[in-house]
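The values are calculated or read from the model by the stated rules, or taken from the named source; none is laboratory data. Just so it is clear, the model here is predicted, and its values are computed rather than measured. In this analysis, Cβ positions are derived from the backbone assuming ideal geometry, glycine residues included, and neighbour counts consider all displayed protein chains.
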Amino acid sequence: MTLVQLRHLISLAATGSFTRSAREAFLTQPALSRSIQALEEELGQPLFDRVGHRSELTAFGREIVQRARQLIIDADELVAVGHRMADGRAGSLRVGLGSSPAALLMTPILQLAATHKPALRVSCSHGDSEQLVRGLRNRTLDALVVEVRSLKPATDLHVSSIIEMRGAFMCRPGHPLTHVRGGLSFEALNKYPIASTLLDDEIARSMIENYGPRAHPEECLSAQCNDFNSLMEVVRRTDAILLGVRNAATELVELPVKPAMRSVSRFGLVTLANRAEAPALPLLRDLLESRMSSN
């Protein structure tokens, strides 16, 4: 069994056509047929049922293709590591960030490329947790920093370096509410538009427990998106109030709401379990410790 045979298998499973797969692999159709036949003989069972002009995977074939894809991914990773070592590079770091981590970490992470040039190449992207996890599983991302409660339980994900950060209501300097003495009620806040990133169920429950039914996100939020920097810009330019992680918007004024916000976001570093880490991942861990604080 060879990697070439496994690539032929994966190609034929995708196209269902010996003619098309042979053309894409720059082979003759008889050569591709011999490759698949040799693989079937070695494995002891047929991989495809020939249905008319189309070849469909058998139940056994579906299992083998799934394992073959993982073997090809592992082999490609070995080649990539070899190329990085041959080129004298320390590697690359591809990081996916949730909304609040993006506001805190995007610039410092990108600065790593400048301070470690030419040994390191860095790229960042941000989005919702589901989108980022897909990127991690597809190997287009090396690690994620996201709100861990937004992750669906999965055995292939490893979560570490969990950091808790408190939430707050914030506004621009000079906002009318900054001139009110004493603590503010939620009703006073709710007279103004409230903006936030998408909130998980735990934070929504905490708000309702603290401030009553009117604090349900579907009732009180006027604007929601996962681009935290855009939300901050809106709050800087208007009388809107931002509900978010305090340390992600230090230029805004925290409002003294009574009772105080009890919600805490829990951010963690997410990688694929039982997989070798990107060589530069310790640099990201250091940034998490230095840039994200529970205070």
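One residue is enough: does segment 144-154 have a residue meeting the conditions among the basic types (Lys, Arg) and not in a loop (DSSP other than H, G, I, E, B)?
yes
Which one of Ser11, Ser17 is within 29 Å of Asp142 (Cα to Cα), buried (at least 16 other Cβ atoms within 10 Å of the Cβ) and either in contact with a Pro (Cβ under 8 Å, 6 or more places away or on another chain) or among the hydroxyl-bearing types (Ser, Thr, Tyr) (or both)?
Details: Ser17 fails: within 29 Å of Asp142 (Cα to Cα).
Matching residue, one of Ser11, Ser17: Ser11.
Would segment 50-59 turn up any residue that is at pLDDT 90 or above, farther than 20 Å from Arg20 by Cα and surrounded by 13 or more Cβ atoms within 10 Å (Cβ to Cβ)?
no
Give Asp239, Asp200 a once-over and let me know the one that is in contact (Cβ under 8 Å) with a residue 12 or more places away in the chain, within 20 Å of Leu132 (Cα to Cα) and among the acidic types (Asp, Glu).
Asp200
Could you tell me whether any residue of segment 182-196 is part of a helix (DSSP H, G or I), out of contact with any Pro (no Cβ under 8 Å at 6 or more places or on another chain), free of Cβ contacts under 8 Å to residues at least 40 places away in the same chain and not basic (Lys, Arg)? Write out each step before concluding.
Within segment 182-196, the first condition is being part of a helix (DSSP H, G or I), and the residues that meet it are 186-189.
Add one more test, that the residue is out of contact with any Pro (no Cβ under 8 Å at 6 or more places or on another chain), and what stays is 186-189.
Those still in the list that are free of Cβ contacts under 8 Å to residues at least 40 places away in the same chain too: 187-188.
Those left that are additionally not basic (Lys, Arg): 187-188.
Scanning segment 182-196, I find at least one residue that is part of a helix (DSSP H, G or I), out of contact with any Pro (no Cβ under 8 Å at 6 or more places or on another chain), free of Cβ contacts under 8 Å to residues at least 40 places away in the same chain and not basic (Lys, Arg), so the answer is yes.
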